[in-house]
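Contents: one structure, followed by commentary.
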Amino acid sequence: MANADMHALGDSEATDALDRSTGNAIAMLALSTPLNIDPVALARRYGERWGGPAPQVLSATDGTFTFLLEGALGFVAAMPAPIPNNDLDSAVRSAWWWRDAGPTLAGHRAHAIVGITGHAGGPVATRVALTRLMACVVELSDSLGVYWGDAGLVQSAGTLLALADRLGDGILPVMLWVNIQIGPDLAAEEEGRPGRFAAYTVGMHALGHLDIQARDAAVDGRWLFETIHDLAGYMLTAGAVIADGDTIGAHDGDRVLVRHQPSFVRDGAIVIELMPQARA
């Protein structure tokens, strides 16, 4: 990532109030062949993989299935065309963690929309259910990867399965739900401070939390990434609200001051900004 890749999101998205009650979420799977799944087999697979009874199949019409799942409505909709390029292109370009995203996803010929609606557990529990359902679809289909629209990111099908498996250990899939972009801070470099890093997240807002950023950071890039990743995981797992002026535990055990500041990528949004120059 370079600063040129940072984009300002729309004002309406940036100023939406945080909503920790939302129980709706969708994502898309890129498929090499059109989806052809028996909904009963999919429901059975969900019950076997995650324990408990299989979700109840409510309907199956023209490639669209609905399920009663954890008290919510789960659905899978087969789409005979690729994911629209306007959704996918920027996510592929920014996927620094998956170097083969472009050539891999260029071969997809169809996609599936997978969603959860009406989940009473809030945004995190909703996305846990969605991740579980998507893992089962991946295992029964020719899936190449996932497009997670809330975060504007793509991950390979194998990575989705590996991250979903860790749910059994209580580890939330931060790298599936939250897009962490990091790279040289070109603005600082232009002002005569080379070697500084900037970073930001996309996706925390949809999960009921403030997004995270850092800039003009004279620190190791890996340290910055791991600190942001661990902070996001802590916030999502514990439901923690980080106040302006708090200090947080960094990846290496240091304490880092955080402030609530305007986002430099989302017009009108307030985010958590790490101040690594104030490490203690």
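Only the coordinates and a few stated rules stand behind these numbers; no lab work does. What you are looking at is a predicted structure, and each value in this text was computed from that prediction instead of being measured. Please note: Cβ atoms are built from the backbone with ideal geometry, for glycine as well, and neighbour counts cover all protein chains shown.
Here is how the numbers come out for the structure above:
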read-out	value
Relative packing of 56-64, 104-112, which averages over residues the other C-beta atoms within 10 Å, highest first	104-112, 56-64
Electrostatic dipole magnitude of the chain [Cβ: Lys, Arg +1; Asp, Glu -1; Cα centre; debye, to 20]	580 debye
Percent of Cα-Cα distances greater than 14 Å, calculated over region 77-117	52 percent
Helical contribution to [θ] at 222 nm, DSSP H n ≥ 4, -39,500 (n - 2.57), averaged over the chain, rounded to 500	-9000 deg cm²/dmol
Cβ-based exposure ranking for TRP96, TRP50, in which fewest neighbours within 10 Å come first	TRP96, TRP50
Computed magnitude of the charge dipole of region 189-280 (debye, nearest 20; Cβ of K, R +1, Cβ of D, E -1)	100 debye
Pairwise centroid distance, computed over Cα atoms, of region 243-277 with region 43-95, Å	35 Å
Loop GluC sites (Glu not before Pro), region 183-279 (other Cβ atoms within 10 Å of the site Cβ: 15 or fewer; DSSP)	GLU191
Residues ALA81 and GLU139, FRET efficiency given R0 of 25 Å [Cβ-Cβ distance, rounded to 0.05]	0.60
Residue-span extension gain [ASN24 to ASP267] - 0.36 nm each, minus C-alpha spacing	85.0 nm
Potential extension, ALA187-ARG255 segment - 0.36 nm per residue separation minus Cα distance	21.9 nm
Likely footprinting exposure, MET275, MET134, MET28, fewest C-beta neighbours within 10 Å first	MET275, MET28, MET134
Principal semi-axes in Å for region 94-161 [√(5λ), Cα gyration tensor, largest first]	23, 14, 10
Cα pair distances in region 37-152, grouped into 5 Å bins until the bin that holds the longest one, percent each	2, 11, 21, 22, 19, 13, 9, 3, 0
Fully extended contour minus Cα-Cα distance, from ASP100 to GLU226, at 0.36 nm per residue	43.1 nm
Debye log10 I(q)/I(0) at q = 0.24, 0.27 Å⁻¹ for region 201-280, Cα point scatterers	-1.27, -1.58
log10 of Debye I(q)/I(0), alpha-carbon scatterers only, for the chain at 0.10, 0.11, 0.13, 0.14 Å⁻¹	-0.54, -0.65, -0.88, -1.01
Ranking of THR117, THR201, THR237 by count of other Cβ atoms within 10 Å, fewest first	THR237, THR117, THR201
